[in-house]
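The values are calculated or read from the model by the stated rules, or taken from the named source; none is laboratory data. Predicted model, so just to flag it, every value in this text is computed and none were measured. Here the Cβ positions follow ideal geometry from the backbone for every residue, glycine too, while neighbour counts run over all protein chains shown.
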Amino acid sequence: MEAKLLVSDANGIFVPQIWADRYADQFSYVDPVDLQELLNGPESKFYWESWDNVLSNAETKEGGVLYQDGDLWLIYPDAAIDAVNEYVESCVEYEESHEDAGDNYAHLVGGGNLLECWTSQKETHAIEQLYRERFLNDHRPNWEVWGVDPRFKMIERDRLADMMLESFTMVPRHMFESGDDALTLDSFPIGEIEIPLESLEIDELTLDYIRESCECYISGNDSAYVSSDRAWAAVVDIPMLNAHIEQYIEDKESE
């Protein structure tokens with residue numbers, strides 16, 4: 001529900017009295033003593049104290065509350081807060097787990113172009129992962145545990161690295177997860193997620209009112225910001241890598 005103007009600030013000190021006369025019967029949690037003070041007008045001794053009580057407590061059955069920034073408005077903060085929280089939650093879920101979101105990071109790995117996008121250090125790290133031994137109770141190298149075709153040892157280093165770059169998929173994980181359980185080429189923390197809120201069509205007044213009450217930080221430009229502890233990792237698909245190895249060996253044998 002959009003904010004509704006009840007009384008214009010052009011009415012000055014009579015805004016509370018006009019509200020009491022025209023709208024009080026639509027609200028709950030209004031003390032009868034406060035209401036009478038407002039109806040008596042600005043000359044009443046506790047007029048402004050009673051008005052403060054009304055502004056703090058009055059509420060309609062639909063969840064509307066009073067907000068005064070000069071003008072007196074009826075706004076619906078609870079519905080707006082729920083809308084923002086639900087929308088932000090769905091956007092964060094998308095950024096952290098949907099494969100399309102992960103694919104947005106794929107070009108950072110190199111997209112098959114090793115020379116331009118992959119440093120020699122990362123190439124070395126990827127190759128070393130294959131030979132690294134497992135835990136103390138399992139001395140097998142990773143390549144054996146992961147099921148990598150042992151003929152990879154017959155392939156020159158640069159070509160094997162290219163095969164890895166042609167075989168990865170983006171996998172979501174915690175940003176501090178080691179990734180030792182899979183052949184990981186690179187990992188990209190999601191960090192801060194910016195979520196524009198225009199599509200919710202919440203009026204500026206209501207959004208300003210709920211800014212501090214939502215589960216996310218809402219900036220002055222009406223975008224929500226959430227810090228994520230998740231990351232997207234480029235993990236080699238072993239069956240796909242083995243298919244490249246098989247094709248390479250077949251091509252070599254047919255030469």
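Scanning segment 71-102 for residues that are charged (D, E, K, R) and either modelled with pLDDT under 95 or assigned to a helix (DSSP H, G or I) (or both) yields ASP78, ASP82, GLU86, GLU89, GLU93, GLU95, GLU96, GLU99, ASP100.
Restricting segment 129-159 to residues that are in a helix (DSSP H, G or I) and free of Cβ contacts under 8 Å to residues at least 40 places away in the same chain leaves a set whose member that is surrounded by the most Cβ atoms within 10 Å (Cβ to Cβ) is TRP143. Restricting to segment 2-48, give me the number of residues that are in contact with a strand residue (DSSP E or B) (Cβ under 8 Å, 6 or more places away or on another chain) and in a loop (DSSP other than H, G, I, E, B). Number of matching residues: 5.
Tell me which residues, restricted to segment 36-46, are surrounded by fewer than 20 Cβ atoms within 10 Å (Cβ to Cβ) and either closer than 16 Å to GLN68 by Cβ or within 45 Å of the chain's Cα centre (by Cα) (or both). Steps first, answer last, please.
Keep residues of segment 36-46 that are surrounded by fewer than 20 Cβ atoms within 10 Å (Cβ to Cβ), which gives 36, 39-46.
Residue satisfying the conditions is PRO42 alone.
Cβ separations smaller than 6 Å between residues 6+ apart or across chains give the following pairs from segment 54-70 residues that are part of a strand (DSSP E or B) to residues that are modelled with pLDDT under 95: TYR67/TYR209. Where residues in segment 85-102 are over 13 Å from ARG173 (Cα atoms) and touching a Ser or Thr at 6+ places or on another chain (Cβ under 9 Å), which of them is surrounded by the most Cβ atoms within 10 Å (Cβ to Cβ)? Here the answer is VAL92. Scanning segment 161-213 for residues that are in a helix (DSSP H, G or I) and of a type in the set (Phe, Trp, Tyr) yields one hit, TYR209. Listed by first and then second residue, the pairs linking a residue in segment 216-240 that is under 30 Å from TRP143 (Cβ atoms) to a residue that is among the acidic types (Asp, Glu) and assigned to a strand (DSSP E or B), with Cβ atoms under 8 Å apart and 6 or more places separating them unless they lie on different chains, are ALA233/ASP186; ALA234/ASP186.
If the condition is being of a type in the set (Asp, Glu), under 21 Å from VAL109 (Cα atoms) and modelled with pLDDT under 90, then segment 138-161 contributes only ASP158.
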